[in-house]
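Working notes, structure below.
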Amino acid sequence: MNRLPEPLDEVLFPAELFRPESVDKPAADDGVVANSRLTATLGASLVLVLSAVGVTLLDVEGLIEWHAALGIAAGVVVLVKLTSTGYRLVRYCTRDGRYVASGPPFIVLRLLAPLLVVLTASVIGTGIVTLYEPDTIWLTLHEASF
């Protein structure tokens with residue numbers, strides 16, 4: 001990974017905000033690593049699916065079937081990703097030694113997570129309801145939550 005010159009890197013990405021203390025700790029347990037890889041893979045998949053959903057926005061009326069199908073696929077990926085992330089959170093908060101040793105997530109991620117979960121759930125939830133009740137307030141809420 002290309003890094004910025006040290007002084008500029010430290011100004012833009014202060015260690016206390018972006019790098020938890022656990023970075024220098026020994027390698028984590030295989031289960032922790034597997035959970036981390038699963039979460040990262042799901043996140044990458046979500047970027048791809050949401051990009052495809054974004055393409056359907058260029059002609060949403062003509063591509064509404066694709067928009068709906070990709071939106072449902074995104075919902076499934078989000079649900080599995082939240083499960084994976086939630087599992088790690090529960091294991092960390094219940095003081096499972098393997099997850100405690102790997103350290104907490106970056107502080108920025110911990111601060112943004114609740115907002116992102118609520119916004120993502122509202123976009124996908126209102127989208128699913130809009131499938132069953134089109135041209136109602138749910139469509140407006142879906143567009144607003146996006």
Mind giving me the FRET efficiency for R95 and L119? R0 is 25 Å, r the Cβ-Cβ distance, nearest 0.05 is fine.
0.25
Which one of S102, V47, N35 is farthest out on the positive end of the charge dipole of the range 32-146, using unit charges on Cβ (Lys, Arg +1; Asp, Glu -1) and the Cα centre as origin?
S102
Charge tally in the Cβ shell below 13 Å around Y92, where Lys, Arg are +1 and Asp, Glu are -1, Y92 excluded:
+3
Might you work out the accessible area of D59 for me, using a 1.4 Å probe with all protein chains in place, and round it to the nearest 10 Å²?
80
Whole-number accessible area per residue in Å² for the range 45-146, which is evaluated in the context of all protein chains at 1.4 Å:
67
Using heavy-atom solvent-accessible surface (probe 1.4 Å) with all chains present, what is the largest-first order of Y132, Y87, Y92?
Y132, Y87, Y92
T136 - accessible surface, heavy atoms, 1.4 Å probe, Å² rounded to 10
50
Summarise the accessible area of the range 86-135 (1.4 Å probe, protein heavy atoms) by the percent that is carbon and sulfur.
74
Using a Förster distance of 30 angstrom, determine the FRET efficiency expected from the C-beta separation of L58 and T140, and round it to 0.05.
0.90
Assuming R0 = 35 Å, what is the FRET efficiency of A69 and L109, from their Cβ-Cβ distance, to the nearest 0.05?
0.75
Provide the solvent-accessible area of I137, counting protein heavy atoms only and rolling a 1.4 Å probe, rounded to the nearest 10 Å².
110
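The values are calculated or read from the model by the stated rules, or taken from the named source; none is laboratory data. Not measured: the values here are computed from a predicted model. For neighbour counting, all protein chains shown are included, and Cβ atoms are generated from backbone atoms with ideal geometry for every residue, glycine included. SASA here: full protein model, heavy atoms, side chains in, ligands and nucleic acids out. Shrake-Rupley method; radii C 1.70, N 1.55, O 1.52, S 1.80 Å.
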